[in-house]
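Down below is the structure, laid out as structure tokens.
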Amino acid sequence: HKDDTTNKSAAFYIKLLVQISVHSWFSEEPEKVAFFGLRATRMSLKYGYTPATSTGLTVCAIVLLLLSNRKFGEARRLGGVAMELRKRWNDPESKIWTEFMDTVFIQWTWDRKLIKMDKTLWKLHNVSVASGNTSVACMTGASAIFHAFFDGSLRLDRLASKAAQSCAEQIAFNKLNFYCSTRIFRQVILNLAGRSKNPLVIEGEEIKNWNEFKKEIVADYAPLRQSVIMPMILCYIFGDIREAKKLADWSLKTWRGDYPSLVSIFVPFFRCLIYARKSEEEISSIPHGKQWSLRRKAKTDFRLIRSWAKGESLIARILATFLEAEWKIVEKCPDSEVQEEFDKAIHALKEFDFGHIAAMASERLGDYFFERKKPELAFSYYTKAVKGFQAWGALAKVRDIVEMEEFGVDFFQDGADTLGYFSSVEDKSGSYELTTRRLPQET
């Protein structure tokens, strides 16, 4: 019920503090997010409200999550005040910022379906371009790429094109804070889409030489961290668990576990899957002490995801279903129990529009049954995985499953109906065309 400020200097200062706070969000400096957000709110309470106050209050709500994962109630109430204040002004930029911060807030606190954050980021990007704020435009454009990759909201071919546009835009505007990170994401996307010689080597159209590229980013924390996380995820997806484990160990040193965002939650998620699978896969070939070390690392990340899930984070709750299923394998539960848990996880992930993660869960269960000499069950889940990866546009992964040496392509083609498996084939002109292979229809 506080009145609007009449002090123009105070209004400008509040807006500046809020902008710095939000910029700090993207540069992953939680201390600055908290300091400048709280400072803006304090000035608003002293001098009166401005259009930027609603964004500042939303930042403060998120600060409560930074301080403790158990402050959801207080954060929700403060976020509600911010949303009410937003109705006072018809300020497009402040409205978009508040929507963006509210989207982040919702993802971590409210028990409702995920709002696609990349759409809000693209809206903010377009508003920023129109208003001449090139710094925010580049920042939000790059962040939209990162979020779209993890929440699977865009097919990889479209996402690769948007990433290329983002890179070009950052060069044109000479705003290069996110340039190297965007390039890493784009090359990983191209690898998954089947547009690189070796999907496990982050080299190709975007990054010509990975080792040289890493030398260039050695002093830049954000892309240096992504140069560990993204190869780790890529190695897990393509089944190179040994290399994924090495990168997971490195990520423990570079990942900030106290920073809540949509992207950061996937790091302990994949790391837990890697450690759990490594401990289960090599149980006969590694010393007993190391097995327990791997399990402890997996359990630590598992507990972190569980704590977020208990704190009303619906994303964490959905991802935890996959980890619960994986843990059934680690604990050597009966096959029926493992299958039941994975079926629940796959269903929950699909319902949440995480079809790409559901495909990974399906493939994992396929591997499990294949190792236990149950090829019919294995094939059933591999087929589900192929459909999921195909829908995501991960053509290299589709090919990886279909051309498994253990099965052979003939196994998939036996009595086949067309599933519409698209493989990426480079023609003489250097472009990519789609071809259809025949796969057995899922029973």
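What follows draws every value from the coordinates through simple rules; no lab data is involved. Please read all numbers here as calculations on a predicted model, not as lab measurements. Because the Cβ atoms are built from the backbone with ideal geometry, glycine has one as well, and the counts that use them run over all protein chains shown.
Below are the figures for this structure:
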read-out: If the convex hull is drawn through the Cα atoms of the range 317-408, its volume per residue in Å³; value: 82 Å³
read-out: Amide hydrogen neighbours beyond the local backbone of residue 4, cut-off 5 Å, H modeled; value: 49
read-out: Theoretical gain in end-to-end length, residue 84 to residue 6 [0.36 nm per residue, Cα-Cα removed]; value: 26.1 nm
read-out: Two-decimal ratio, the range 118-240, of alpha-carbon radius of gyration to 2.2 N^0.38 Å; value: 1.03
read-out: Computed label-point distance, nm, for sites residue 215 and residue 372 using a 7 Å Cα→Cβ extension; value: 5.0 nm
read-out: Subset of 175/278; 245/332; 175/350; 246/374 violating a 29 Å alpha-carbon distance limit; value: 175/278; 175/350; 246/374
read-out: Contour excess over end-to-end distance, with Cα ends at residue 343 and residue 74 and 0.36 nm allotted per residue; value: 93.3 nm
read-out: Per-residue ³J(HN,Hα) for the range 351-364, Karplus 6.51 cos²θ - 1.76 cosθ + 1.60, θ = phi - 60°, Hz, x for Gly and Pro; value: 4, 8, 6, 9, x, 5, 6, 4, 5, 5, 5, 5, 5, 4
read-out: Difference of contour (0.36 nm per residue) and Cα-Cα distance, residue 246 to residue 197; value: 15.4 nm
read-out: Vicinal HN-Hα couplings computed from phi for the range 40-52 (Karplus, 6.51 cos²θ - 1.76 cosθ + 1.60; Hz; Gly/Pro x); value: 5, 5, 4, 5, 5, 5, 7, 9, x, 7, 10, x, 7
read-out: Over 32 Å between alpha carbons, listed pairs 208/328; 32/215; 123/197; value: 208/328; 123/197
